[in-house]
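Novice: The structure is given below, and queries will be raised subsequently.
Every read-out reported here was derived from the displayed coordinates using simple, explicitly stated rules and does not represent laboratory data. Note that the coordinates shown come from a computational prediction; the quantities given were computed from them, not determined experimentally. Counting neighbours? That spans all protein chains shown, and the Cβs are built from the backbone with ideal geometry, glycine included.
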Amino acid sequence: MARFVRFSGGRGPVYGLAEGDTVRELSGTPFGEWAPTGETRPLEGLELLAPCRPTKLLAVGFNYRDHAEEFRHPIPEHPNIFLKPLSCLAGPGQGVLCPRELTGRVEYEAELVAVIGRRTRHVSREEAAGCILGYTVGNDVTARDLQSPAEQWSLCKGFDTFGPLGPWIDTEADPLAGLEISSFVNGQLRQRSNTRNLIFDPLFLVSYLSKAMTLEPGDVIFTGTPSGVGPVKPGDVMEMRIEGIGSLINPVLAE
């Protein structure tokens, strides 16, 4: 198993391998050739960044049956795809900003996120597994009062800091085997489900999206959230957990 992290080094962002309480610094990136530099650092206190720098953040709406029912939305026959801008990317521990204008209701959404490992176009579902480097934890933060079934998805999910990812890319996680996914606000459980409940699984999504666009190494796919979403306010702390991968924690701050 490999867990690739990305952190602030003296020369800018650096990739590393998280091994227990230690991070081994790497030369290169997980999306090409890499090797340990021989330098190690303690994981505690390390400023972790989002574990990759995608060219695009793709996402899927209403991909858990219970979430669709929660919003009285028809069960989709095809994936409901939208884009989040790169400017919304945030890392572990980074503050998620409640915007000072346009919205008055910011909500969390715990999500499994697939990370593309190689250039991908027109692949089958069977080929898709070889195109995914691994998985990480995401929070598809949403300005819910701007969202409607057909409008404003890019805006309501695209504010700065509305795309936290982390803490690492886990190359051994298998969502098809069933991973528990949950969210907590100030330590209180808000969501709990299992990746077995995804309507469209990650392999299907990679194949489906590759028929429309080229997926580049480091691109990410937010695969959807289960029921139980709700609002947060400045001072709250959000924690998204996925079994076998880890925990993504972000405080909520006023812009």
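Novice: If we sort 91-97, 139-145 on the protection proxy, mean other Cβ atoms within 10 Å, highest first, what's the order?
Specialist: Details: 91-97: 19.6, 139-145: 23.0.
With the highest mean Cβ count within 10 Å placed first, the list reads 139-145, 91-97.
Novice: Same structure, new question: If the viscosity is 1.567 mPa s and the temperature 4 °C, what Stokes-Einstein diffusion coefficient in µm²/s follows for the range 98-172 when Rh is the Kirkwood radius over Cα pairs?
Specialist: Answer from the Stokes-Einstein relation: 91 µm²/s.
Novice: Test of understanding: express the Cα radius of gyration of the range 71-200 as a ratio to 2.2 N^0.38 Å, with N the residue count.
Specialist: Details: Rg = 15.7 Å, N = 130, 2.2 N^0.38 = 14.0 Å.
Against the compact-globule rule of thumb, the ratio is 1.12.
Novice: How high is the relative contact order of the chain, given as a whole-number percent (alpha carbon pairs under 8 Å, six or more residues apart)? Could the numbers behind the result be given before it?
Specialist: Numbers: 674 pairs, mean separation 66.9, N = 255.
Relative contact order comes out at 26 percent.
Novice: Now, a different point. Just to be sure I understand the model, the point goes 7 Å from the Cα along the line to the Cβ. What's the resulting THR214 to THR37 distance in nm?
Specialist: Distance between label points: 3.0 nm.
Novice: Please identify every one of the GluC sites (Glu not before Pro) in the range 157-252 that sits in a loop by DSSP and has no more than 15 other beta carbons within 10 Å of its own beta carbon. List each step's numbers first, then the result.
Specialist: Values: sites: GLU172, GLU180, GLU239, GLU243; in loops: GLU172, GLU243.
When the GluC sites (Glu not before Pro) of the range 157-252 are filtered for loop state and at most 15 Cβ neighbours within 10 Å, GLU172, GLU243 remain.
Novice: Using θ = phi - 60° and the Karplus form 6.51 cos²θ - 1.76 cosθ + 1.60, what ³J(HN,Hα) does each residue of the range 208-220 get, whole Hz, x for Gly and Pro?
Specialist: So the J values, rounded to whole Hz, are 4, 5, 5, 7, 10, 8, 7, 8, 9, x, x, 5, 10.
Novice: Okay, next question. Along the charge dipole of the range 83-229, Cβ charges K/R +1 and D/E -1, which of GLY163, GLY104, THR214 sits furthest on the positive end?
Specialist: Farthest towards the positive pole: GLY104.
Novice: Rg (Å, one decimal) plus Dmax (Å, integer) for the alpha carbons of the range 1-111?
Specialist: In order Rg, Dmax, the Cα atoms of the range 1-111 give 18.3, 54 Å.
Novice: In the range 1-80, with Lys and Arg counted as +1 and Asp and Glu as -1 at Cβ, which of these residues, GLY38, LEU57, PHE4, has the Cα nearest the positive end of the dipole, that is, farthest along it?
Specialist: Going by the charge dipole, the pick is LEU57.
Novice: Still on this structure: I'd like the Karplus ³J(HN,Hα) series for the range 33-50: coefficients 6.51, -1.76, 1.60, θ = phi - 60°, whole numbers in Hz, and an x wherever there's a Gly or Pro.
Specialist: Going residue by residue, I get 8, 8, 7, x, 7, x, 8, 10, 9, x, 5, 5, x, 6, 7, 6, 9, 3 Hz, with x marking Gly and Pro.
Novice: While we're on this one: With +1 on the Cβ of every Lys and Arg and -1 on the Cβ of every Asp and Glu, and nothing else charged, how large is the dipole of the range 2-143 about its Cα centre, in debye rounded to the nearest 20?
Specialist: Here the range 2-143 has a charge dipole of around 520 debye.
Novice: Further question on the same structure: What is the magnitude of the charge dipole of the chain about its Cα centre, with +1 placed on the Cβ of each Lys and Arg, -1 on the Cβ of each Asp and Glu, and no other charges, expressed in debye to the nearest 20? Kindly include the intermediate steps, with their values, before the conclusion.
Specialist: Values: 24 positive and 32 negative charges, 87 e Å.
Roughly 420 debye for the chain.
Novice: What's the extension gain from GLU101 to ILE75 if we count 0.36 nm per residue and subtract their Cα-Cα distance?
Specialist: 6.1 nm
Novice: Report the calculated FRET efficiency for SER8 and VAL237 (r = Cβ-Cβ distance, R0 = 22 Å), to the nearest 0.05.
Specialist: Step by step, r from the Cβ atoms, then E = 0.50.
Novice: Suppose R0 equals 41 Å; then what is the FRET efficiency for LEU189 and HIS122 from their Cβ-Cβ distance, rounded to the nearest 0.05?
Specialist: E(calc), rounded to 0.05, equals 0.50.
Novice: If I histogram all Cα-Cα distances within the chain using bins 10 Å wide from 0, what percent of pairs lands in each bin?
Specialist: Values per bin, smallest distances first: 7, 33, 38, 18, 3, 0.
Novice: I need the peptides 34-44, 3-13 ranked by packing, meaning the mean over residues of other C-beta atoms within 10 angstrom, with the highest value on top.
Specialist: In decreasing order of mean packing, 34-44, 3-13 become 3-13, 34-44.
Novice: Provide the packing ranking of 193-199, 108-114, i.e. peptides ordered by the mean count of other C-beta atoms within 10 Å per residue, highest first.
Specialist: The packing order, highest mean first, is 108-114, 193-199.
Novice: Given +1 on the Cβ of Lys and Arg, -1 on the Cβ of Asp and Glu, and no further charges, what dipole in debye does the range 58-140 carry about its Cα centre, rounded to the nearest 20?
Specialist: 380
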